[in-house]
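To start, the structure under review is shown below, and the notes come after it.
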Amino acid sequence: MKKNFKFYIIIWILLLAAFNVIAFVSVGWAGQEKYTASFWIGYAFISAAFVVNLICSAVAFRAADLRKMFYNISLIKISYTGLILSFIFGGLCMLISPLPYFVGIILCAIILVFNIIAIVKASAAADVISKVDDKVKAQTFFIKSLAVDAETLMAKAKSDEAKAACKKVYEAIRYSDPMSNEQLRAVELQIADKFSELEGAVAGESENLKAVAEELVILIDNRSRKCKLLK
């Protein structure tokens with residue numbers, strides 16, 4: 001992420017430098033003063049939009065992983081939109097130097113306020129979505145992790161009978177409701193204990209392997225029924 005942000009910084013600096021070159025090297029309208037209040041208002045507005053864009057991009061690229069950065073892409077898009085609008089309206093203020101200063105201030109302030117509001121809303125939405133996603137991951141970890149362990153156990157089983165028993169357990173886990181909550185904690189602890197017992201039975205090729213697998217399937221089905229009651 002940091003490496004990508006470094007490339008972004010380079011592009012940002014080049015664009016800012018190009019803007020300043022155009023702003024100060026270009027000549028004004030013939031017979032009219034260039035550096036009026038309107039010019040400086042437009043210049044300040046565009047410069048502020050550059051800063052806002054940089055802050056939004058820094059927040060987006062600061063994300064810990066690609067998933068969270070994806071949620072923050074809207075920040076970059078909105079800040080880019082604000083930057084483009086600032087070029088249009090701020091550029092008009094710079095070009096039309098005789099424009100009354102209060103017109104430029106009002107026009108630029110309206111665009112800037114709407115842009116900031118849009119950025120705040122996008123940031124809040126990204127934060128909410130990220131927290132919900134993290135919560136769902138935590139609530140589905142038990143079953144998803146158990147499914148991985150069951151698939152591994154099925155591969156470790158040596159006899160056909162053991163493989164068949166482990167497959168039943170894996171299928172029961174695979175099609176079980178993945179969402180967990182506090183009300184399911186007791187039965188999930190039972191499932192975890194029984195699964196550990198099944199692992200021992202598979203490793204030792206125990207004769208009661210099939211019975212343990214059936215008990216485990218019953219516990220998983222019981223959990224699934226309780227999941228339905230909680231919805």
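The values are calculated or read from the model by the stated rules, or taken from the named source; none is laboratory data. All values reported here derive from a predicted model rather than from experimental measurement. Reconstructed Cβ throughout: ideal geometry from the backbone, glycine too, with neighbour counts over all protein chains shown.
Residue 99 fails exactly one of the following numbered conditions: (1) of a type in the set (A, V, I, L, M); (2) part of a helix (DSSP H, G or I); (3) more than 19 Å from the chain's Cα centre (by Cα). What is the number of that condition?
Of the numbered conditions (1) of a type in the set (A, V, I, L, M); (2) part of a helix (DSSP H, G or I); (3) more than 19 Å from the chain's Cα centre (by Cα), the odd one out for residue 99 is (2).
Please find, within the range 98-144, the residue that is surrounded by the most Cβ atoms within 10 Å (Cβ to Cβ) out of those that are under 19 Å from residue 75 (Cα atoms) and basic (Lys, Arg).
This residue is 121.
Among all residue pairs at least 6 apart or on different chains, which show Cβ distances below 7 Å where the first residue, located in the range 12-25, is in the same structural domain as residue 61 (by TED's automatic domain parsing) and under 11 Å from residue 43 (Cβ atoms) and the second is surrounded by 10 or more Cβ atoms within 10 Å (Cβ to Cβ) and hydrophobic (A, V, I, L, M, F, W, C)?
Here the result reads 19/46; 23/94, each pair linking the range 12-25 to a residue that is surrounded by 10 or more Cβ atoms within 10 Å (Cβ to Cβ) and hydrophobic (A, V, I, L, M, F, W, C).
Here are some conditions: (1) exposed (fewer than 14 other Cβ atoms within 10 Å of the Cβ); (2) aromatic (Phe, Trp, Tyr); (3) within 30 Å of residue 6 (Cα to Cα). Residue 89 meets all but one. Which one does it not meet?
With respect to (1) exposed (fewer than 14 other Cβ atoms within 10 Å of the Cβ); (2) aromatic (Phe, Trp, Tyr); (3) within 30 Å of residue 6 (Cα to Cα), residue 89 is out only on (1).
For the structure I just gave you, tell me whether residue 182 is under 35 Å from the mean Cα position of the chain (by Cα), surrounded by fewer than 15 Cβ atoms within 10 Å (Cβ to Cβ) and either within 13 Å of residue 150 (Cα to Cα) or free of Cβ contacts under 8 Å to residues at least 40 places away in the same chain (or both). Talk me through it step by step, then tell me what you get.
Numbers: under 35 Å from the mean Cα position of the chain (by Cα): yes; surrounded by fewer than 15 Cβ atoms within 10 Å (Cβ to Cβ): yes; either within 13 Å of residue 150 (Cα to Cα) or free of Cβ contacts under 8 Å to residues at least 40 places away in the same chain (or both): yes.
Criteria met by residue 182.
Please find, within the range 110-146, the residue that is nearest to residue 174 (Cα to Cα) out of those that are without any contact (Cβ under 8 Å) to a residue 60 or more places away in the chain and charged (D, E, K, R).
The initial filter retains those residues of the range 110-146 that are without any contact (Cβ under 8 Å) to a residue 60 or more places away in the chain, namely 110, 113-114, 117-118, 120-122, 124-129, 131-132, 134-146.
Keeping just the survivors that are charged (D, E, K, R) gives 121, 127, 131, 134-135, 137, 144.
Values: 121: 38, 127: 31, 131: 25, 134: 21, 135: 20, 137: 16, 144: 8 Å.
Ranking the candidates gives 144 first.
Looking only at residues that are of a type in the set (Gly, Ala, Ser) and at pLDDT below 80 in the range 23-56, which one is farthest from the chain's Cα centre (by Cα)? Talk me through it step by step, then tell me what you get.
Taking the range 23-56 as the starting set, the residues that turn out to be of a type in the set (Gly, Ala, Ser) are 23, 26, 28, 30-31, 37-38, 42, 44, 47-49.
Still in the running and at pLDDT below 80: 26, 28, 30-31.
Numbers: 26: 42, 28: 46, 30: 51, 31: 53 Å.
Among those residues, the one meeting the criterion is 31.
When residue 73 is evaluated against the numbered criteria (1) under 30 Å from residue 137 (Cβ atoms); (2) in contact with a helix residue (DSSP H, G or I) (Cβ under 7 Å, 6 or more places away or on another chain); (3) touching a residue at least 60 places away in the same chain (Cβ under 8 Å); (4) surrounded by fewer than 18 Cβ atoms within 10 Å (Cβ to Cβ), which criterion, by number, is the only one it fails?
Tallying (1) under 30 Å from residue 137 (Cβ atoms); (2) in contact with a helix residue (DSSP H, G or I) (Cβ under 7 Å, 6 or more places away or on another chain); (3) touching a residue at least 60 places away in the same chain (Cβ under 8 Å); (4) surrounded by fewer than 18 Cβ atoms within 10 Å (Cβ to Cβ), residue 73 fails exactly one: (3).
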